[in-house]
Amino acid sequence: MKITTKNLILRHFEETGSKRMFLLDSNPDVMKYIGVPPVTDIQESLHIIKMISQQYQDNGVGRLAVIEKESGLLIGWSGLKLLTQEINGYKNVYDLGYRFLPEFWGKGYAFESAKASLDFGFKDMNIDVIYAHAHSENAGSNHILKKLGFEKTGEFTEPDGICYWYELKRKNFL
Ligand SMILES: CC(C)(COP(=O)(O)OP(=O)(O)OC[C@H]1O[C@@H](n2cnc3c(N)ncnc32)[C@H](O)[C@@H]1OP(=O)(O)O)[C@@H](O)C(=O)NCCC(=O)NCCS
């Protein structure tokens, strides 16, 4: 599984990515709107990578490691996930998500990677509707989802505040 865009390579996670994953998930700025505290032990990051690898096998899809072509570095993750645990009353639907190290913010990478994952989901996997959610105060993520064509169809409450629920139908994907 490999998706190539202008600036990025999206590919399956490997256990060797745990150091970069730890850099990402231990960063309080990255985790500000995620609803779980930053991780404090690299073993947690290795465990997350193992869970994602299991999802590739069980569900045929899971978040993808994002490599910046220019630097060759793993800069975050992006992509689709099958929601096997209920969120906002939805279960067994495909969800779009992304997360990057701050030094790579503001370069258009979230949008570029999301667009490629949506293209794969709608055209290769033939998914009818892709969902997403973001904390109401996460201005960047809410902006990106709207720019991708997502429609806000609901709100739900999490322990850390209000989240917005979005959906995008294949027929509305440009
Ligand atoms: C949210 C996040 C993924 C954005 O990544 P990014 O690569 O910087 O986003 P992009 O460069 O693709 O930005 C796309 C658009 O969103 C806008 N945007 C990005 N961050 C923004 C912010 N904090 N506030 C307002 N607008 C923002 C950009 O200006 C750009 O707008 P434009 O195309 O209309 O000019 C990144 O900040 C991040 O990893 N945050 C921590 C994890 C997270 O919150 N993930 C989402 C959980 S729902």
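The values are calculated or read from the model by the stated rules, or taken from the named source; none is laboratory data. All values reported here derive from a predicted model rather than from experimental measurement. Note: ideal-geometry Cβ built from the backbone for every residue, glycine included; neighbour counts use all protein chains shown.
Tabulated data
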{"quantity": "Residue count, the stretch 56-90 (criterion: within 30 Å of G154 (Cα to Cα) and in contact with a Leu (Cβ under 7 Å, 6 or more places away or on another chain))", "calculated": "11"}
{"quantity": "Close pairs from the stretch 1-14: first closer than 17 Å to K115 by Cβ, partner crowded, with 17+ Cβ neighbours inside 10 Å and β-branched (V, I, T), Cβ under 6 Å, at least 6 apart", "calculated": "L8/V66; I9/I67; L10/I3; L10/V66"}
{"quantity": "Positions within the stretch 62-82 being surrounded by fewer than 17 Cβ atoms within 10 Å (Cβ to Cβ) and not in a strand (DSSP E or B), in sequence order", "calculated": "K69, E70, S71, G72, L73"}
{"quantity": "Number of the exception - N7 against (1) at pLDDT below 95; (2) touching a Lys or Arg at 6+ places or on another chain (Cβ under 6 Å)", "calculated": "(1)"}
{"quantity": "Test: residue in the stretch 123-144 that is of a type in the set (V, I, T), touching a residue at least 40 places away in the same chain (Cβ under 8 Å) and closer than 27 Å to E14 by Cα", "calculated": "yes"}
{"quantity": "Test result for Y98, closer than 25 Å to S26 by Cβ and in contact (Cβ under 8 Å) with a residue 60 or more places away in the chain", "calculated": "no"}
{"quantity": "Conditions (1) farther than 25 Å from C163 by Cα; (2) within 15 Å of the ligand (Cβ to nearest atom): number failed by T16", "calculated": "(2)"}
{"quantity": "Filtered residue count, the stretch 145-165, keeping only those that are of a type outside the set (K, R), assigned to a strand (DSSP E or B) and without any contact (Cβ under 8 Å) to a residue 60 or more places away in the chain", "calculated": "7"}
{"quantity": "Which listed residue, of Y98, Y109, is in contact with a Ser or Thr (Cβ under 7 Å, 6 or more places away or on another chain), of a type outside the set (D, E) and within 12 Å of the ligand (Cβ to nearest atom)", "calculated": "Y98"}
{"quantity": "Residues of the stretch 119-141 satisfying the condition of being within 11 Å of the ligand (Cβ to nearest atom) and of a type in the set (A, V, I, L, M)", "calculated": "A132, A134, A139"}
{"quantity": "Pairs with Cβ under 6 Å, 6+ apart, first in the stretch 79-93 and in contact (Cβ under 8 Å) with a residue 60 or more places away in the chain, second outside any loop (DSSP other than H, G, I, E, B)", "calculated": "G79/L64; G79/S117; N88/F156; N88/W165"}
